[in-house]
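Remarks on the structure that follows.
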Amino acid sequence: LGTYLMRSPENEKYRRVDETRHEVTLTLGFWLAKTECTQGQWKSMMGMDVRELSKRKSIGSITEVGRDFPVYFVSWEDATDWMGEMNERHPLPEGWKWSLPTEAQWEYACRAGTDGPFAGEVDEMAWHSGNSMLTTHEVEKKEPNPWGLYDMHGSLWEWCSDLYGPYPEKAVTDPVVLT
């Protein structure tokens, strides 16, 4: 629960042209896992490893394989199927369910109360094109953000429940982008 400035200021080095900075207030509590979903977690829930995912998706090459590496080659539909399995096998208390975060929730958690382009020193927190050798790495090998969340910068793109899309320039509460 909180209010923050979503998207980047105009003078930020890594700012995208479609980012309009605006105030967002989140009024509904949410949880995020401290790491990306690992290949071990995926296989235990879905019964399929990343080699099978890559074959199913007709992708010829894969990066690192191992229990503690993040899962990849996962579509949005795959991710929502994962959440459905989690809700079925590991139900949460009434009023809560496993789901992907909204883009606004994800950015709030990623920023972790900071207002710079990264929630800390980027090389200490993130695997990126300059330090990753263009491959994936095990989760929790870099520093977490101030809220204890790992790999929020760099590594792999992460799915959200809504779309990356235009937001109004004015303040919004609990936004969800559907189109």
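The values are calculated or read from the model by the stated rules, or taken from the named source; none is laboratory data. Keep in mind that this is a model prediction, so the values were computed, not measured. Cβ atoms come from the backbone with ideal geometry, glycine included; neighbour counts cover every protein chain shown. Heavy atoms of the whole protein, side chains included, go into the accessibility calculation; ligands, DNA and RNA do not. Shrake-Rupley method; radii C 1.70, N 1.55, O 1.52, S 1.80 Å.
A few notes on this one:
- For the range 1-51, a tally of residues being hydrophobic (A, V, I, L, M, F, W, C), more than 18 Å from His90 (Cα to Cα), out of contact with any Gly (no Cβ under 8 Å at 6 or more places or on another chain) and touching a residue at least 24 places away in the same chain (Cβ under 8 Å) returns 4.
Let's see how each residue does on (1) assigned to a helix (DSSP H, G or I); (2) at pLDDT 90 or above; (3) among the hydroxyl-bearing types (Ser, Thr, Tyr):
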site	(1), (2), (3)
Asn87	yes, yes, no
His137	no, yes, no
Lys141	no, yes, no
Leu163	no, no, no
Val177	no, no, no
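- Filtering the range 97-130 to residues that are more than 17 Å from Lys34 (Cβ to Cβ), part of a loop (DSSP other than H, G, I, E, B) and out of contact with any helix residue (DSSP H, G or I) (no Cβ under 6 Å at 6 or more places or on another chain) leaves Thr102, Thr114, Asp115, Gly116, Pro117, Phe118, Glu121, His128, Ser129, Gly130.
- Near pairs, Cβ below 7 angstrom, 6+ apart or cross-chain, from the range 65-93 (in contact (Cβ under 8 Å) with a residue 12 or more places away in the chain) to any residue that is open to solvent by 70 Å² or more (accessible area, probe 1.4 Å): Val65/Arg51; Trp76/Trp159; Ala79/Trp159; Met83/Trp98; Met86/Trp98
- Among residues of the range 114-132 that are in contact (Cβ under 8 Å) with a residue 60 or more places away in the chain, those with a Cβ under 8 angstrom from a residue that is open to solvent by 50 Å² or more (accessible area, probe 1.4 Å) and not in a loop (DSSP other than H, G, I, E, B), sequence gap 6+ or separate chain, pair up as Asp115/Leu5.
- Taken over the range 92-110, residues that are under 18 Å from the mean Cα position of the chain (by Cα) and open to solvent by 30 Å² or more (accessible area, probe 1.4 Å) amount to 6.
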